[in-house]
Amino acid sequence: MRHTDQTGTAESHEKRLRVLRILWAAFLVNVVLLALVAYVAAPEADAGAAFAGGGEAPGGLPTPLVILFALGLLALALSFLLKGRVMRRAHEGRRPDLVQTAVIVGLACCEATALFGFVALFVSGHSYSFLLFAAGAAGQLLHFPRREEVLLGPYKTLG
């Protein structure tokens, strides 16, 4: 199915940008609240050994922590890769609606990074899990919807 050019007016682009920024703020607040809940409800460091299960990876870290950390970093990397691919389709097809999809996909993957940190904290009890919260929040800060993405993105062709 071929979509028609949906470039719209400057007013519609401003509305789209406003919606994207509201969504961005909601995703970021969600990660911050998740980190706060994890901080308040986290198991004690001594109890972490009881949750470690599965032995230790090289370096003395619990294996589940290492696996969840790797998955979190993969989700963070995918946030940029997937956003870039969808954004490229938006540019090529002159589809500003795909810009919105691209931003949401990027934000959702960054939130997944924080969720992996949340799970890692309760599975391993290790404070390194908070690094995934920081990585997820940093990724979301980098995905801040810029005016150029919404206003100029659909009119340019990426080279």
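So, in segment 120-159, of the ones that are surrounded by 15 or more Cβ atoms within 10 Å (Cβ to Cβ) and β-branched (Val, Ile, Thr), which residue ends up modelled with the highest pLDDT? Selected residue: VAL123.
For segment 65-88, check the following and say yes or no: at least one residue is modelled with pLDDT under 90 and either charged (D, E, K, R) or surrounded by 18 or more Cβ atoms within 10 Å (Cβ to Cβ) (or both). No, segment 65-88 contains no residue that is modelled with pLDDT under 90 and either charged (D, E, K, R) or surrounded by 18 or more Cβ atoms within 10 Å (Cβ to Cβ) (or both). Of all the criteria given as (1) out of contact with any helix residue (DSSP H, G or I) (no Cβ under 6 Å at 6 or more places or on another chain); (2) modelled with pLDDT of 95 or more, the one not satisfied by GLY93 is (2). In this entry, VAL99 is excluded by the filter for residues that are touching a residue at least 40 places away in the same chain (Cβ under 8 Å), part of a helix (DSSP H, G or I), touching a His at 6+ places or on another chain (Cβ under 7 Å) and not hydroxyl-bearing (Ser, Thr, Tyr). Taking ALA25 as the residue in question, decide whether it is hydrophobic (A, V, I, L, M, F, W, C) and at pLDDT below 90. When the stated conditions are applied, ALA25 does not pass them.
Hey, any hits in segment 112-123 for a residue that's among the small types (Gly, Ala, Ser), over 15 Å from PRO145 (Cβ atoms) and touching a residue at least 60 places away in the same chain (Cβ under 8 Å)?
The initial filter retains those residues of segment 112-123 that are among the small types (Gly, Ala, Ser), namely 112, 114, 117, 120.
Remaining after also requiring over 15 Å from PRO145 (Cβ atoms): 112, 114, 117, 120.
Then keep just the ones that are touching a residue at least 60 places away in the same chain (Cβ under 8 Å); that gives 114, 117.
Yes: segment 112-123 contains one or more residues that are among the small types (Gly, Ala, Ser), over 15 Å from PRO145 (Cβ atoms) and touching a residue at least 60 places away in the same chain (Cβ under 8 Å).
The values are calculated or read from the model by the stated rules, or taken from the named source; none is laboratory data. All of these numbers come straight from a predicted model, not from anything done at the bench. Because the Cβ atoms are built from the backbone with ideal geometry, glycine has one as well, and the counts that use them run over all protein chains shown.
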